[in-house]
Structures are given as structure tokens and as C-alpha cells.
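Take a look at the structure set out below.
The values are calculated or read from the model by the stated rules, or taken from the named source; none is laboratory data. The structure presented is a predicted model; accordingly, all values stated were derived computationally and were not measured. Cβ sites come from the backbone with ideal geometry, for glycine too, and all protein chains shown count toward neighbours.
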Amino acid sequence: MKEPIKIALPKGRLLADTASLLKNAGWEIKDYKEGTRLYNLKSDRFTSLTAKIFHEKDIPIQVSIGNYDLGICGLDWIEELTSKYPGSSIIKIKDLGYGVGKLVMGSSLLNRYTMSEMRNNFDIIRIASEYPNLAESFAAKNRIKRFSIIPLWGAAEVYPPENAEMVLVSYDKSFSDNLYPLDKVMDYSSYLIANKHCWESKDISYLLPSLEKVEKIYRKNFSIPITFKPNNHSKIHRYDIKSNIVRIALPDGHQQKPTAEFLAKAGIVLDDYTSLGDSRRPSSDVSGVTFKVIRPQDIPLQLANGNFDLAITGRDWLLNHLYQFPSSPVVELLDLKYGRVKIVAVVSNEVTVSDPQTLRHFWKDKKLPLRLASEYVNIADRYARDNHLGMYRVIPTWGATEAFLPIDADLLIENTETGQTLARHNLKIIDTLFESTACLIGYDKANTNPVKKSIINKIVGKFNMVIKAR
């Protein structure tokens, strides 16, 4: 009987093409499709093969640490991991030829500078990206004298020109709308990868011939026009935003609708700020205020860097930030009392523990590091230390964390509204850390400007009236 082989498969942008590839290769993983509610899958053809669906960013990490023998994901995320950790136990087995794209370093259409001007500038060049390791590597290789990397969860294209001079993103429609390409960083496509130890110790070769017979699904070539007439600037000028303007960051995603409803009750109506809208800079008739829509996970750090004066985000992301930066200049101004979720500690129902104390004693006998998976890496780290859980390792995730138990993690720090999703995945809550709601947060240095202070006080007053009326 062949040894068990585990493969990590992507959700999102690569799912449909990966499912097509595996179907044509005859792997017979029937439930790997859009909209599936299953995470653990089996192959009807290769009985020793099991699969699990992950966010694409998670797959290189899962393969590198040995939780999975094989994985399929984009080369961009592989290089993002290995550029910082070149000793990672990842082997690139095969370029699968689909999911093709380019990572490009870009700048705002309002500031069309050359890479030469970026290199020769003595001010700090701010680079925003979901790929912070690749961004840092690019800046170092291009000998940019002074630079600062802004790590993001997403929506990087909205940061220039106010909050970043350069941005590393995939080359897509956002360039035609907002950005101008400065240089190509890398081409990427989907890859089959393997854990080095598993590749050397297990017989995986029987799976590969079926892939070799499958023609590549598609391959696209992008031509990126990086030829433009420089403006011959002798110095890079940061985008000039009036010092008296109050800059407000709003959350995207599932928080958009309730946030828009709250703002409307406060008399602040925004154009094109809905769950379906594409605008990252909604307009309003509120004098002296500008709005920008970014990921709620990124908001506290952006305030701490002085890029915004006010913001709405979840208390969970505020605390995750403050646990990492306890002296951060970000303060909570108001509890807005919507978007209510609980941050909980979760284990599999198969584990005979009921609280942090029994977990501590249960895991002590195993003499292995506790694997703690969470989007809230700083909250998770704090929880493990506060509860004296002994040896532990925090595994960062980018969504669908419930899929990690019980095979790929031993404990989750997760958010939940009702607990029904956790129960459906045979999981149980053993502790509630705190309750999180939407909150108004502020940059504490904004009040040093009397004009801003007056505007901020008026906004806080309007918000207070809505809260009291509930």
C-alpha cells in the first residue's frame, strides 16, 4: 500500500483552472469546485491521496512546514515566502502554465517618475504591497537609498499618491485607472510544489505522469509599457494634501454596508461606498474631510503612521495592532456598537479539553509545540503567553481558519457571530477572549491642529448622537 500523500489546493483565482487540470489528469477529486462547503477531499483514483482547500497565500507555508507533501499555488506567493526565508523546505516541481500574470512596481499617474529618480532620491520612499518581502528585495536590489515597506492585506493600488510613492501589485486594470508601471518585478504562473523532506522520503512520482499528459490550460503574455517620457524632476515631491483636511479611513468588505448605514444616520452620505461599489475614494458633501476605503486589518497601522486622522475598524484589529505596538499613537474614541463578533479559542471536538487550563495540561504531556493558527497573529501570541501554553508556534492564516483543525493546527483564535460555522466543522469553543465591535479610532497627534480638532469633535459628536439614539 502506498504512503499517504496530502496536497494543498487553492481556492479563489486558481480554483477553476486547477479543478480543470486535475479532472483532465484523471485525479477524480469530485468535490473540488466553486462553492464547495468541504475542505477535506479524497481522490477516487488515488486512494492514498487526500486534499484540502486553502487560501492561496497559506499554501507555501503549509508545504514548507511539512503539513502537506504537495501544493498548487502561484509562483508569486512562493517567491514571497522564499525571498525572506531562502532555506524554506519548498521544491518547485512543475510550472502548470495557467494563472499567468506579472508583478509590477508602479506609481501614481499624478507623479510619473522614473526608477532613476526613485534611486537617486534621499527622502524615504514608501512602498506598499501585499508582497512586503518581494518589495523589500526589489528596493534593495535597485539600490533605493532610503525606503519603508508598508505591509498590507490588500487594496494596495489605492495607497499612492497620498500614502505611498510606489506600490507592488499584479498588473491588471488598476494600472489603467490609477497607476503607472515603473518596472516589472517578476512573471508568475501556477506551480506544483513539494515539501523537500517529503519529496525525498516518499514515493510521489506515480502522480506526475498524469499531469505530464495534460496540455496547459492557457498561457497569456502581457506586454507592459514601461516607456514614458520622464518629467525630469530633480526631487520627488510627495502628494500635497492640505494639512487642515481630516483624512478618514473606512473599511471594505463585509463591514461596508453597516458602516455606510451608520454614517448615513450621522448625516454623512457617501457616493459609491457600498458592498458593490468599486470606488476606493468615495466622495461626500462634508466639508474639510476626505475618505479612503482600505482593508480593516490595515487601518490601525495606517493611522499609526500618520496617514489618516480618523478611521472605523473592528476592535479585534485594533487590539491585534496594539499588542504588537503597545506605544502606538492610535486610540479608541468610540464604541460604535455594531459589527458584533466574539474572538474565541477553538479546538476540535475530538480533543478532550474544555478550557485553557485543561488544554495546558493535555498538551504538556505531548512534548510537542502547540500549533496555533489565526489571522490575529499578535492576539494569538498574547493568548498563548498569558495562558502559559508552553511551547507553541503561531501559524498565520488568511481566512477559512476553521479548515486547519484538527490536522494542520491544534488551536484556533477565531472570530464568530453565532458559533454555527464552527459547530458545523466539528469544532468547539473553549474560551472567549473578548467581544469585538466596530469602533472609531484616531491618530492622537491629529488634535494638535486646531482646525482638524474642531472637525473631529463635530464628527465624534454626530457619532455619539447615533449611538445614544439606539
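For the range 38-52, the set of residues classified as among the charged types (D, E, K, R) and free of Cβ contacts under 8 Å to residues at least 40 places away in the same chain consists of Lys42, Asp44, Arg45, listed by residue number. Scanning the range 423-454 for residues that are surrounded by fewer than 21 Cβ atoms within 10 Å (Cβ to Cβ), part of a helix (DSSP H, G or I) and not small (Gly, Ala, Ser) returns Arg424, Asn447, Thr448, Pro450, Val451, Lys453.
You will find that of Asn120, Asn111, Asn133, the residue that is closer than 30 Å to Ala19 by Cα and surrounded by fewer than 19 Cβ atoms within 10 Å (Cβ to Cβ) is Asn133 and no other. Of all residues in the range 115-163, those satisfying the criterion of being of a type in the set (Gly, Ala, Ser) and under 19 Å from Phe308 (Cβ atoms) are Ala128, Ser129, Ser148, Gly154, Ala155, Ala156.
Note on the range 156-192: among residues that are among the hydrophobic types (A, V, I, L, M, F, W, C), at pLDDT 90 or above and within 30 Å of Leu9 (Cβ to Cβ), the one that is surrounded by the fewest Cβ atoms within 10 Å (Cβ to Cβ) is Met186.
Mind listing whichever residues of the range 346-384 are in a loop (DSSP other than H, G, I, E, B) and within 19 Å of the chain's Cα centre (by Cα)? Glu375, Tyr376 - these are the residues of the range 346-384 that are in a loop (DSSP other than H, G, I, E, B) and within 19 Å of the chain's Cα centre (by Cα). Within this structure, Asp69 passes the test of being touching a Cys at 6+ places or on another chain (Cβ under 8 Å) and either at pLDDT below 90 or over 30 Å from Asp183 (Cβ atoms) (or both). Within the range 242-268, restricting attention to residues that are assigned to a loop (DSSP other than H, G, I, E, B) and at pLDDT 90 or above, which residue is surrounded by the fewest Cβ atoms within 10 Å (Cβ to Cβ)? Selected residue: Gly267. One residue alone among Leu333, Leu301, Leu310 is touching a strand residue (DSSP E or B) at 6+ places or on another chain (Cβ under 9 Å), under 17 Å from Ile379 (Cα atoms) and assigned by TED's automatic domain parsing to the domain that holds Thr448, and that residue is Leu301. Here the range 33-56 is the region considered, the condition is being surrounded by fewer than 21 Cβ atoms within 10 Å (Cβ to Cβ), in a loop (DSSP other than H, G, I, E, B) and under 26 Å from the mean Cα position of the chain (by Cα), and the residue that is modelled with the highest pLDDT is His55.
Which residues, taken from the range 354-381, are more than 30 Å from Asp298 (Cα to Cα), aliphatic (A, V, I, L, M) and surrounded by fewer than 19 Cβ atoms within 10 Å (Cβ to Cβ)?
Residue satisfying the conditions is Leu368 alone.
Within the range 304-345, being of a type in the set (Phe, Trp, Tyr), closer than 14 Å to Cys439 by Cα and more than 18 Å from the chain's Cα centre (by Cα) holds for one residue alone: Tyr338.
Picking from residues in the range 64-80 that are out of contact with any Leu (no Cβ under 7 Å at 6 or more places or on another chain) and either of a type in the set (A, V, I, L, M) or more than 16 Å from Gly12 (Cα to Cα) (or both), the one that is surrounded by the fewest Cβ atoms within 10 Å (Cβ to Cβ) is Gly66. Within the range 429-457, the set of residues being more than 13 Å from Leu333 (Cα to Cα), out of contact with any helix residue (DSSP H, G or I) (no Cβ under 7 Å at 6 or more places or on another chain) and not aromatic (Phe, Trp, Tyr) comprises Thr432, Glu435, Lys445, Thr448, Asn449, Pro450, Val451, Ser454, Ile455. No other residue among Phe147, Phe122 is modelled with pLDDT under 95, aromatic (Phe, Trp, Tyr) and either outside the structural domain of Asp177 (by TED's automatic domain parsing) or touching a helix residue (DSSP H, G or I) at 6+ places or on another chain (Cβ under 8 Å) (or both) apart from Phe147.
From the list Thr36, Thr114, Thr18, Thr50, the lone residue that is assigned by TED's automatic domain parsing to the domain that holds Tyr180 and among the hydroxyl-bearing types (Ser, Thr, Tyr) is Thr114. Apart from one condition, Val185 fits all of (1) within 24 Å of Leu110 (Cβ to Cβ); (2) assigned to a loop (DSSP other than H, G, I, E, B); the exception is (2). Within the range 385-403, the residues that satisfy the criterion of being at pLDDT below 90 and either within 19 Å of Thr352 (Cβ to Cβ) or part of a helix (DSSP H, G or I) (or both) are Thr401, Glu402, Ala403.
Return a yes/no flag: does the range 279-290 have any residue that is surrounded by 20 or more Cβ atoms within 10 Å (Cβ to Cβ) and in contact with a Ser or Thr (Cβ under 8 Å, 6 or more places away or on another chain). Within the range 279-290, none of the residues are surrounded by 20 or more Cβ atoms within 10 Å (Cβ to Cβ) and in contact with a Ser or Thr (Cβ under 8 Å, 6 or more places away or on another chain). For the range 432-470, the set of residues classified as among the acidic types (Asp, Glu) and under 22 Å from Ser327 (Cβ atoms) consists of Asp444 only. Number of residues in the range 272-298 that are under 23 Å from Val377 (Cα atoms) and either part of a strand (DSSP E or B) or polar (S, T, N, Q) (or both) equals 2.
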